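Accompanying notes for the structure given below.
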């Protein structure tokens, strides 16, 4: 395993979510009063996500911080994990039976790592990649990761619970 691979695996399985929780507590608590939009369909969720502008995390976020969905909505900018956390929250508010999770894949080159919101629908799984809704139905998280990571080299990936950032699955390739 390359040194970069070891770092990516360590970061995703180790400090990423602890850092996100600390950063949320220190800098984002004021956003918790922000009201998220009401949605009544997948089309509504996609329309709200299209209002967000993609912007890479900067130094204060260590380039990989998972913000509160209320911060994403209030600022109208974030990177892929912001889109995923907002989509998961809107999905849960609309229909808790969708059981949304956030799936993150660490790949090389590092800049192409990506997070998506995966949810249950129609007897399978679908996902939002930023504001784009997948048209296919998948049977596993692994199939989804294989769908959105090429042509990058996959190093590791995880599945987290959006509200708590608790890791549900972790996989090293």
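It is to be established whether one or more residues within segment 90-98 are part of a loop (DSSP other than H, G, I, E, B), in contact (Cβ under 8 Å) with a residue 12 or more places away in the chain, farther than 15 Å from residue 28 by Cα and out of contact with any helix residue (DSSP H, G or I) (no Cβ under 6 Å at 6 or more places or on another chain).
Of segment 90-98, the ones part of a loop (DSSP other than H, G, I, E, B) are 95.
Still in the list and also in contact (Cβ under 8 Å) with a residue 12 or more places away in the chain: none.
No, segment 90-98 has no match at all.
Let me spell it out: the conditions are (1) at pLDDT 95 or above; (2) touching a strand residue (DSSP E or B) at 6+ places or on another chain (Cβ under 8 Å); (3) surrounded by fewer than 20 Cβ atoms within 10 Å (Cβ to Cβ), and residue 48 meets all of them except one. Which number is the exception?
Result: residue 48 fails condition (2) only.
Here's the yes/no breakdown for (1) at pLDDT 95 or above; (2) under 14 Å from the mean Cα position of the chain (by Cα):
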| position | (1), (2) |
| --- | --- |
| 87 | yes, yes |
| 111 | no, no |
| 125 | yes, no |
| 129 | yes, yes |
| 138 | yes, no |
| 143 | yes, no |
| 153 | no, no |
| 158 | yes, yes |
| 161 | yes, yes |
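Taking residue 128 and the conditions (1) buried (at least 16 other Cβ atoms within 10 Å of the Cβ); (2) without any contact (Cβ under 8 Å) to a residue 40 or more places away in the chain; (3) under 18 Å from residue 85 (Cβ atoms), which numbered condition does it fall short on, given that it satisfies the others?
All conditions pass for residue 128, except number (2).
Taking the options 39, 118, name whichever one is in a loop (DSSP other than H, G, I, E, B) and either surrounded by fewer than 23 Cβ atoms within 10 Å (Cβ to Cβ) or in contact with a strand residue (DSSP E or B) (Cβ under 9 Å, 6 or more places away or on another chain) (or both).
Numbers: 118 fails: in a loop (DSSP other than H, G, I, E, B).
Unique residue meeting the criteria: 39.
Could you list all residues from segment 143-157 that are farther than 9 Å from residue 107 by Cα and either exposed (fewer than 14 other Cβ atoms within 10 Å of the Cβ) or in contact (Cβ under 8 Å) with a residue 60 or more places away in the chain (or both)? Step through it out loud before you land on a result.
We begin by selecting, within segment 143-157, every residue farther than 9 Å from residue 107 by Cα; these are 143-148, 150-151.
If the condition is that a residue be farther than 9 Å from residue 107 by Cα and either exposed (fewer than 14 other Cβ atoms within 10 Å of the Cβ) or in contact (Cβ under 8 Å) with a residue 60 or more places away in the chain (or both), then 143, 150, 151 are the ones that fit.
The values are calculated or read from the model by the stated rules, or taken from the named source; none is laboratory data. Not measured: the values here are computed from a predicted model. Using ideal geometry, Cβ is built from the backbone for each residue, glycine included, and neighbour counts are taken over all protein chains shown.
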